[in-house]
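Engineer: There's a structure below that I have some questions on.
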Amino acid sequence: MSLWQYANPVKFLNLSGKVLPTLSVLTVICLVTGMYWGYFLTPDDYKQGSTVKIIYIHVPSALIAINAWFMMLVAALIWLIRRHHVSALAAKAASHVGVVMTLIALITGAFWGQPMWGTWWAWDPRLTSFLILFLFYLGYIALWSAIEDPDTAADLTSVLCIVGSVFAVLSRYAVNFWNQGLHQGATLSLDKEENISDVFYFPLLFCIAGFVLLFLVLTLVGTRAEIRNRRARALVAREKG
Amino acid sequence: MIALLIRDLRLALRAGGGFGLSLAFFLIVVVLVPFGVGPEMALLSKIAPGILWVGALLACLLSLDRIFALDFEDGSLDLLATAPLPLEGVVMIKAVAHWITTGLPLVIAAPFLGVLLGLPTQGYVWIVVSLALGTPALSVIGTFGGALTVGIKRGGLLLSLLVLPLYVPTLIFGAELARRGVLGMDTTTPILMLGGITCAVGALLPFASAAVLKINLR
């Protein structure tokens, strides 16, 4: 028994098929609880008014956007080192979720920034690095779709993901170099004195859990679809051949 | 290695389009900006370092797809891959050749174009220094992009999409260095960062490019 047995597509499909219904239900429960609690049962912030509630979408989506890239990086390394196809396909599926999450974080951020900062967009380090992350996602997805041979595509995108990670981190610190920017610092840290108020914190935790589960569900569904897609193509090729 | 370098340079010179095209493109970009933002010299001289950097970056981008594509089509890339010279070395030579045919002319031309933009006199040195330090990184990163897209027909647009985000750190520190130099501010940090990026990229990225080329030649 080890984790690697799920590198076998059949075993992966079996397990993910069994887990998916439970995960989906949990996702819905978490998201509904978090959103309802957040949007209807919490007070308005004394300074930000009701715009503070954007936090329930903005923070979780931003969190997923970054961590999806990390997951892709790990999956890329696993693919390059151990050549498990499921890993490469999971990275592909995660990239699609990740790019949407990045876009959601950028757009909700703009909606939040307009009333609070008086501007939709500022060349603030955090905003800028998220925009760069979005461009990296676009390039990654474009490269996947541009190459026909699946193994070559998996190899090339994996290398791009690794090189891109280095440059993404570099860009993050390069834009930091400009100025401190408008975006507030971290307020969800576990070890800091001054954090977000508990009133907003607990529903936010539900929303974060819901988004993480949503990411897992979507990635699993995407990976399963990719595996089946490849099987279908193999069948077609065999019929013709 | 030197033979390969000379061959590449000769090809770029005689086949045309190497030196001249990027330079002309650089000139046009720089000339177009005043048409776009208006002819006020005060404004232009303020944004001149940025314009020169973005122009150099775009001019560099223009010639990236020919680094490997021509050799890939006529099969000489396969020969190079099976030659005793390690592929990492080939990649490095290609980057150097690209820099000599594209980056170096841009570095030399930049001060003259700076005149058009009303660049302050003390800025000429810094534009040259920042471009001379930064453009090698652009060439090396570009070779990586070229290696990624070598097997793709009409991969030019995809190449730009892949390479431009990778250019961000170089551009930020390069333009920052030029800007600070023009304003007479302290330039130590950006100069060290830019040099660091160029050295790190030159040392590490050829391995990634060679790996990618091997995948594409499989």
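The values are calculated or read from the model by the stated rules, or taken from the named source; none is laboratory data. All of these numbers come straight from a predicted model, not from anything done at the bench. No Cβ is skipped: glycine too gets one built from the backbone with ideal geometry, and neighbour counts run over all protein chains shown.
Engineer: From B:A95, B:A110, B:A69, grab the single residue that is within 17 Å of A:L143 (Cβ to Cβ) and out of contact with any Asp or Glu (no Cβ under 7 Å at 6 or more places or on another chain).
Structural biologist: After ruling out the rest, the residue left standing is B:A69.
Engineer: Any idea which of (1) without any contact (Cβ under 8 Å) to a residue 40 or more places away in the chain; (2) more than 22 Å from B:L205 (Cα to Cα) is the one B:V33 doesn't satisfy?
Structural biologist: Of the numbered conditions (1) without any contact (Cβ under 8 Å) to a residue 40 or more places away in the chain; (2) more than 22 Å from B:L205 (Cα to Cα), the odd one out for B:V33 is (1).
Engineer: Out of B:L57, B:L43, report the one residue that is surrounded by 15 or more Cβ atoms within 10 Å (Cβ to Cβ) and either in a helix (DSSP H, G or I) or touching a helix residue (DSSP H, G or I) at 6+ places or on another chain (Cβ under 8 Å) (or both).
Structural biologist: Exactly one of B:L57, B:L43 is surrounded by 15 or more Cβ atoms within 10 Å (Cβ to Cβ) and either in a helix (DSSP H, G or I) or touching a helix residue (DSSP H, G or I) at 6+ places or on another chain (Cβ under 8 Å) (or both), namely B:L57.
Engineer: Report yes if B:L192 is away from chain A (no Cβ under 14 Å) and either within 19 Å of B:V29 (Cα to Cα) or assigned to a helix (DSSP H, G or I) (or both), otherwise no.
Structural biologist: Values: away from chain A (no Cβ under 14 Å): no; either within 19 Å of B:V29 (Cα to Cα) or assigned to a helix (DSSP H, G or I) (or both): yes.
In short, no.
Engineer: A:L188: modelled with pLDDT of 85 or more and either assigned to a loop (DSSP other than H, G, I, E, B) or on the phi < 0 side of the Ramachandran plot (or both), yes or no?
Structural biologist: No: the conditions fail for A:L188.
Engineer: Pairs needed: first member in the stretch B:141-160, within 9 Å of chain A (Cβ to nearest Cβ) and under 18 Å from A:C161 (Cβ atoms); second member anywhere, small (G, A, S) and not in a helix (DSSP H, G or I); C-beta distance under 9 Å; at least 6 residues apart or different chains.
Structural biologist: Final answer for the pair search is B:L148/B:G155; B:T149/B:G155.
Engineer: When the stretch B:108-147 is examined, which residues are found to be under 24 Å from B:G202 (Cα atoms) and aromatic (F, W, Y)?
Structural biologist: Matches in the stretch B:108-147: B:W126, B:F144.
Engineer: Can you find a residue in the stretch B:166-174 that is touching a Cys at 6+ places or on another chain (Cβ under 9 Å), within 14 Å of chain A (Cβ to nearest Cβ), in a helix (DSSP H, G or I) and farther than 26 Å from B:R14 by Cβ?
Structural biologist: So the first thing to find is which residues in the stretch B:166-174 are touching a Cys at 6+ places or on another chain (Cβ under 9 Å), and the list is B:167.
Still in the list and also within 14 Å of chain A (Cβ to nearest Cβ): B:167.
Of the ones still in play, those that are also in a helix (DSSP H, G or I) are B:167.
After this cut, where a residue has to be farther than 26 Å from B:R14 by Cβ as well, the list is B:167.
Yes, the stretch B:166-174 contains a residue that is touching a Cys at 6+ places or on another chain (Cβ under 9 Å), within 14 Å of chain A (Cβ to nearest Cβ), in a helix (DSSP H, G or I) and farther than 26 Å from B:R14 by Cβ.
Engineer: State whether the residues of the stretch B:89-96 include one that is at positive phi and touching a helix residue (DSSP H, G or I) at 6+ places or on another chain (Cβ under 8 Å).
Structural biologist: no
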